[in-house]
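Here the structure is laid out as structure tokens; the discussion comes afterwards.
Every number here is computed from the coordinates shown, using simple stated rules; none is lab data. Given the structure is predicted, the values throughout are model-derived calculations rather than measurements. Here Cβ is always computed from backbone atoms with ideal geometry, including for glycine, and neighbour counts include all displayed protein chains.
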Amino acid sequence: MKVRLSLLQQFGLFLIVLILVALLPAIASTYLITFVLTLFMYIALAYSWNFISGYTGYISFGQIALFGIGSYSCAILILKWHIHWLLAAAMGSIIAGAFAIPLGLIMLRLKGPYFAVGMMGLFQFLAAVAATWKSMTKGATGIYLPPVSAVAYIYFAFFGLALALFLATWTLERSVFGLRLRTVKEDEEGAESLGINTTFYKVFAFVVSAMGCGFAGGIQVFYVSYVDPVTAFPAVLNIMMIIMCLLGGMGTCWGPVMGAVLLGQVSEFLWAHFPYVYLILYGCLLAFIIMFMPSGIMGYFHKRKILRGGIHTVLPNLGSIK
Amino acid sequence: MNETILSTHHLTKRFGGLLAVNRCSFDVRRKSITGLIGPNGAGKTTMFNLICGNLKPTTGEIFFQGKKITGHSPHRLARLGVGRTFQLSRVFKGMTVWENLFLVPPPADSLNTSVNKAKDLLHAVGLDQLLNAYAGTLSYGQQKLLEFARAFMMDPKLVLLDEIFAGLNPEETERQIKTICSFRDQTQTTFVVIDHAVGVVLRLCEWIVVMNQGEIIAQGSSREIENNEKVIEAYFGSSSLESLMEEEG
């Protein structure tokens, strides 16, 4: 079996999804809306993580640090300057991105496990800073914001973010820029010898990832109307975005959305039906995935040749090459 | 045309207590094919890594086209025109042959010229039938050819070839020698070659630098090197170089 959709079919499918998403808040129950909204956040985070770790191979165990920076920036902007929440979230995203430039230049010198653990340490460090810097963050008491009136706005904000990150990934997969970004994962030294400034490429990916995480953090903080060090730096979400990517397939265009939707639903189902043992079942499922599908769902499809594997870079027509 | 393109001046690299390269000075003439030979551990690859910016020298200077390039980053040097291939092939295995060439940032030319350039290069090394094959599925010899072709995507002025003949069969070796010579004639590129196949290096290169234990022990034309006692001693203790060449066929 081989699945291959024409560009028109792909566009049609995309349009149907778009219409469904747009209509959902009008027809669905509040429970369903909040559930889908959370899925969108998962998708956005999974794509953010995929940007740095999926494409460059620098596995980050602390990308949630930038979610936290976005959360706090947004909360403080709303509280102190009464900025519109969406603008505040966008500014939180920019702050997280700006923070990621020096951070990336320093952290991305570390390789493999050192980078992974370094990022984890950073996220713990920032949580500690948030807990102690009381004049700014109000410490463990947390910052309270006015409650949200309409969930639909949050829903569309998360959808927009997830869509933007998906489109960015889609474009990346088809660009020479993306090809160069992948060389970081394949062989950095080899890429350098070809005139590719690998530092620029990986820091760029890190900053995009940070902006995605920061934006998600900003929207989330407005949604829950509260932020403290634990909600700004949620350890569970930190791991979830990694696992979603692994499940869907790292460094693929469709992997993060598949992983996020699937895992989001499975964890909701298990939580609702087996409240006492759901974490055990969840763990078993993950072990199963890692043992039998180490390269994720997309990797499985590529291996079975159901979908075209590898890169989709649009290269010039080679018909005349022979 | 005896102008110098690359010169090193008292280049030294120390790894802790080990002097990998010790006060080495040599010049490479423009458009020449220069060989860098020496027994295992002589410091040849370290020398390449210093020139290409992968390692920073402890002391000493490197000049490329008259400009000091000591301590430049590898990608900057690559853009200045210093290309290289690696001892163990470093093609991007998860990408196709075509993608491997295409991702190289073109020096200044348009997409069309770089497409044509890639075509010509693949044709020159005989990989034009394997465009869409993943580089990881190629034989080791083919990967080396791909790496060689790829180095020319940036229009380098100087290309350092680290054991380009290792893993090639005799037929491929002959073809590679021809390719290097024709590239030199057509593109005016200068080559520096490291290889263990001393016979091939003596045949290919007009100027040879011999290293042993981090130091340059001899420089000269093939004939001078063949009869240099220090070189013979470094390789065999006291035997003659001819016997090694015969062994290699």
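Close amide H partners of B:Thr190, meaning residues 5 or more places away or on another chain with modelled amide H under 5 Å apart, are B:Lys31, B:Leu158, B:Val159.
This model, with +1 at the C-beta of Lys and Arg and -1 at the C-beta of Asp and Glu, gives the protein assembly as shown a dipole about its Cα centre of some 1420 debye. Based on Cα atoms of the range B:56-134, Rg over Rh with Rh as the Kirkwood radius reads 1.05. On the basis of the beta-carbon distance and an R0 of 35 Å, B:Leu88 and A:Ile239 show a calculated FRET efficiency of 0.45. For the range B:213-223, backbone phi angles converted through the Karplus equation (6.51, -1.76, 1.60; θ = phi - 60°) give residue-by-residue couplings of 6, x, 10, 7, 9, 7, 9, x, 6, 3, 5 Hz, Gly and Pro being listed as x. A Cα-only calculation for chain A places Rg and Dmax at 20.0, 70 Å. Dipole size of the range A:28-303 about its Cα centre, with +1 on Lys/Arg Cβ and -1 on Asp/Glu Cβ: approximately 260 debye, rounded to the nearest 20. For the set A:Lys80/A:Lys202; B:Lys31/B:Lys117; A:Lys303/B:Lys93; A:Lys202/B:Lys119, the pairs lying more than 25 angstrom apart at their alpha carbons are A:Lys80/A:Lys202; A:Lys202/B:Lys119.
Ordering A:Pro294, A:Ala127, A:Cys245 by Cα displacement along the dipole of the range A:28-303 toward the positive end leaves A:Ala127 in first place; charges were set at the Cβ atoms of Lys, Arg (+1) and Asp, Glu (-1). Take the alpha carbon gyration tensor of the range B:114-179, find the square roots of its eigenvalues, order them as a ≥ b ≥ c, and report rounded if a/c is under 1.5; if not, report prolate when a/b exceeds b/c, else oblate. Oblate. The HN-Hα couplings worked out from phi for the range A:88-99 by the Karplus form 6.51 cos²θ - 1.76 cosθ + 1.60 (θ = phi - 60°) are 4, 5, 4, 5, x, 5, 5, 4, 4, x, 5, 4 Hz, whole numbers, x standing for Gly and Pro. Extending 7 Å from Cα along the Cβ direction at B:Asn132 and again at B:Leu19 yields two label points whose distance is 5.7 nm. Per the Debye calculation on the range A:5-111 with a single equal scatterer at every Cα and no solvent contribution, log₁₀ I(q)/I(0) for q = 0.10, 0.16, 0.17 Å⁻¹ amounts to -0.45, -0.97, -1.02. One quarter of the surface of the convex hull around the alpha-carbon atoms of the range B:2-56 equals 4.1 nm², the direction-averaged projected area. A cut-off under 12 angstrom between Cβ atoms defines the neighbours of B:Asn100, and their net charge, with Lys, Arg +1 and Asp, Glu -1, is +1. With the convex hull drawn around the C-alpha atoms of the protein assembly as shown, the volume per residue stands at 195 Å³. Think of the protein assembly as shown as having a plus end and a minus end, set by charges on the Cβ of Lys, Arg, Asp and Glu; of A:Val230, B:Cys52, A:Leu262, A:Val230 sits farthest toward the positive end of this dipole. Using just its DSSP H runs of length 4 or more, each adding -39500 (n - 2.57), the protein assembly as shown gives a mean residue ellipticity at 222 nm of -18000 deg cm²/dmol after division by all residues.
Normalising by the residue count of chain A, find the relative contact order in percent from Cα pairs under 8 Å and 6+ residues apart. Normalised by residue count, the contact order of chain A is 30 percent.
Reported to the nearest whole Å, the Cα centre-to-centre distance from the range B:122-172 to the range A:58-110 is 44. When the square roots of the Cα gyration tensor eigenvalues are ordered a ≥ b ≥ c, the ratio a/c for the range B:33-93 is 1.5 or more and a/b does not exceed b/c, which makes its shape oblate. The A:Trp170 and A:Trp271 beta-carbon pair, evaluated with R₀ = 35 Å, returns a calculated FRET efficiency of approximately 0.65. Kirkwood hydrodynamic radius of the range B:1-134, from the reciprocal of the average inverse Cα-Cα distance over all distinct pairs: 17.0 Å.
Please build a GNM for chain B, connecting alpha carbons under 10 Å apart, and tell me which residue among B:Phe48, B:Phe183, B:Phe15 fluctuates the most. Of B:Phe48, B:Phe183, B:Phe15, the most mobile in the Gaussian network model is B:Phe15.
Taking other C-beta atoms within 10 Å as the exposure proxy, A:Trp170, A:Trp254, A:Trp85 rank A:Trp170, A:Trp254, A:Trp85 from fewest upward. Return the whole-Å distance between the Cα centroid of the range B:189-230 and the Cα centroid of the range B:22-56. One Cα centre to the other: 11 Å. Computed over the range A:165-219, the percent of Cα pairs more than 13 Å apart is 63. Distance between the 7 Å Cα→Cβ label points at A:Phe200 and A:Ala26: 4.7 nm.
The order of A:Phe115, A:Phe215, going from fewest to most other C-beta atoms within 10 Å of their C-beta, is A:Phe115, A:Phe215.
GNM, chain A, Cα, under 10 Å: largest mean-square fluctuation among A:Ala90, A:Ala164, A:Ala22? Checking each option, the largest mean-square fluctuation is seen for A:Ala22.
Once the Cβ-Cβ distance of A:Met291 and A:Ala150 is raised to the sixth power relative to R0 = 35 Å, the FRET efficiency obtained is 0.20.
What shape does the range A:222-288 take by its C-alpha gyration tensor, where a ≥ b ≥ c are the square roots of the eigenvalues and a/c under 1.5 counts as rounded, a/b above b/c as prolate, and the rest as oblate? The shape class here is oblate.
Of all alpha-carbon pairs in chain B, indicate the percentage at a distance above 26 angstrom. Here the long-distance tail beyond 26 Å is 39 percent of all Cα pairs in chain B. Near the amide H of B:Ile5, within less than 5 Å, lie the amide hydrogens of B:Val28, B:Arg29, B:Arg30, all on another chain or at least 5 residues away, with H placed in the peptide plane. Apply the Debye scattering formula to the range A:105-172, with a single equal point scatterer on each alpha-carbon and no solvent, then give log10 I(q)/I(0) at q = 0.13, 0.21, 0.23, 0.25 Å⁻¹. Computed log10 I(q)/I(0) values: -0.77, -0.93, -0.90, -0.91.
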